[in-house]
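Here's the structure we're looking at; comments come further down.
Computed from the coordinates by the stated procedures, all read-outs in this text should not be read as laboratory data. All of these numbers come straight from a predicted model, not from anything done at the bench. Note that we place each Cβ from the backbone using ideal geometry, even for glycine, and neighbour counts take in every protein chain shown.
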C-alpha cells in the first residue's frame, strides 16, 4: 500500500467521514449554482443597471466551488455515503446563502450593504423563508428584485428533491422517494434513481411555474389588474411556487386585484402538496392519488378549518364582508400554513383569536415533499396516532397496535424519529425566542414576548413575516446583528429539517 493511501485511510478513520469527498461534492453543486448569476446579470443589462455584482458573485462562487471539486477529485478514496450527506446538504445550503448575499454587498443598495443584512437576505432567499431586512422594496433595482425571487425559486427546487430523495434516508420523517423506495447508502449506487427522480420533479416544478406565469400574464393582457406587469407576473410566480414570499411591492400583494390574489392563493395551496403525488396526479393522470393519500386529505381539511375560523373572526369584527372576507381568510390561512408569507392585508391589526390562529398555522406546515418548512402535516398525523395508541395501550397493555400511514405500517424507528424531531423543533423554537427576547432586553429594540415568539416561529418554520414591526408589511431591519444571525441560523436549521445540521455538532459524527 502506498504511503498516500495509508495516510488517507488513517484520515478517514480519525474523522469517521470522507471529508474531502464531501467537500468535493459540495464544490460541484456550488459551481453549478454559480451559473444562476447570469440571469439577473442579463436583466440588469436590459434595464441599464449595474450587472457586475452578479458576475462577480458568480465568479467567486464558481471559483470556490471548482476548487473544492478539484480537492474532492484528487483526494477522495471512495464513493460518498449517506453519512457524508449530512455535511454536503448542510454546507451546500450555507454556502448558497453566502453566495446569494454577495450581489447585495457588491451593489450600491444601502439597505443591503452590511454583511449581516446581506447574509440574512441571502439565507432567507435560499431557505424560501421570505423574511426581509429591506424597508423599501420598491426602491430596489429590478435586477436585485429578480435575484431575491430567483434565489427562492432555486432553493425551492432543491428542497423538493432533497425531501424526496435524501431526507428519507436520514430517517427524520420525510416521505419516501418518488417510486416509494428508500435510497441505499451510496450515492454512486443511487445516481440513476436520484437523477431520474430529480428530472421528473424539476420538470413538474418548472412546468407549474410557467403555468402560473402564463395565468398572471393573461390577467395582465386582459387588463384585469392595473398593478400587474410582466415583471411582477414573473417575479411573484418565482416566489409563489417555492412558497417563498418575496414580493415586488412594499405591501406584499395588497395592491394587486382580487383575481391575481385568487390565482396566487390557488397555486400556493397546490405547491403545498407532495410533489410526488402531484406528479402522479398531473402527469400520470392518476386522478385518485391525492384522494387516497391521508396527508393530502388532512392538509385540505386543515386549510378549510383554518379559513373558516379566520373568516368567522374577521366577519364578526366587521373587518371585511362577502367575497373579500372569504378571500382574506383563505389567502392568509394558505400563505401562513404553507410558509409562503405573502399578505394582502396587515393582519397584525386583526382580533386576538385570529392572530393566535396565524401563529398556530406557522407550526403546522404543508405536506412533506413540498417546498414548505415547519413541522409538516405527516408528522402531526403520526404524532396524533401515536398518542391515540398510547391511550389505548394504557387501558389494554397487551394490545399490539402498529401505526399505519396510507394502510402501510410505519417502522417504530421512524416513529421515534418523528417524535424526536417534534421535541427538537419545539426546543429550538423556544431557545430562539428566548435569545431574541434577551437580546432585545439589553438592546434598543422594543420586542414583546408575542413578537419574539412570532419571529422565532416565522424564521424556524421558513414562514417569513412575524408580528409587530416584523409583520407582513414590515421588516426585520430593527433587530440587532446578533438577533439577525440567530434568525438566519434558525432559517438554515429549519430548512434542512434540523437533523442534518444538528448532527454535525455531535462528537460522534466526526469519529468512527
Where in the range 257-278 is the amide nitrogen less than 12 Å from a point lying 7 Å along the Cα-to-Cβ axis of residue 218? 263
If r is the Cβ-Cβ distance from residue 38 to residue 473 and R0 is 25 Å, what FRET efficiency results, to the nearest 0.05? 0.15
For a protection proxy built on the mean count of beta-carbon atoms within 10 angstrom, sort 94-101, 329-336 highest first, please. 329-336, 94-101
What ranking of 479, 120 emerges when the number of other C-beta atoms within 10 Å of each C-beta is taken as an exposure proxy, fewest first? 479, 120
Can you run the Rg to Rh ratio on the range 411-510? Use alpha carbon positions and the Kirkwood inverse-distance Rh. 1.04
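Suppose a student asked you for the relative contact order of the range 411-510, using Cα pairs under 8 Å spaced at least 6 residues apart; what percent would you report?
25
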At R0 = 25 Å, how high is the FRET efficiency between residue 257 and residue 349 if r is their beta carbon distance? Nearest 0.05 is fine. 0.70
Per the helix-only calculation at 222 nm, which mean residue ellipticity applies to the chain, given -39500 (n - 2.57) for every DSSP H run of n ≥ 4 and division by its residues, nearest 500 deg cm²/dmol? -21000 deg cm²/dmol
With r as the distance between the Cβ atoms of residue 229 and residue 110 and R0 = 30 Å, compute the FRET efficiency 1/(1 + (r/R0)^6) and round to 0.05. 0.75
Tell me, in nm to one decimal, what length is gained between residue 390 and residue 416 on full extension, where the rule is 0.36 nm per residue of separation less the Cα-Cα distance? 8.0 nm
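Note the full-extension length gain between residue 266 and residue 70 as 0.36 nm times their separation in residues minus their Cα-Cα distance, in nm to one decimal.
Between residue 266 and residue 70, full extension yields an extra 66.1 nm.
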Can you compute the modelled spin-label distance between residue 312 and residue 60, with each label point 7 Å from Cα toward Cβ, in nm? 5.3
With the contact rule set at Cα under 8 Å and sequence spacing of 6 or more, what percent relative contact order holds for the chain? 17
Just to be sure I understand the model, the point goes 7 Å from the Cα along the line to the Cβ. What's the resulting residue 398 to residue 442 distance in nm? 6.0
With 10 angstrom as the radius, rank 234, 449 by how many other C-beta atoms surround their C-beta, starting from the fewest. 449, 234
Assertion target for 424, 123, 241, ordered by fewest C-beta neighbours within 10 angstrom first, is 424, 241, 123
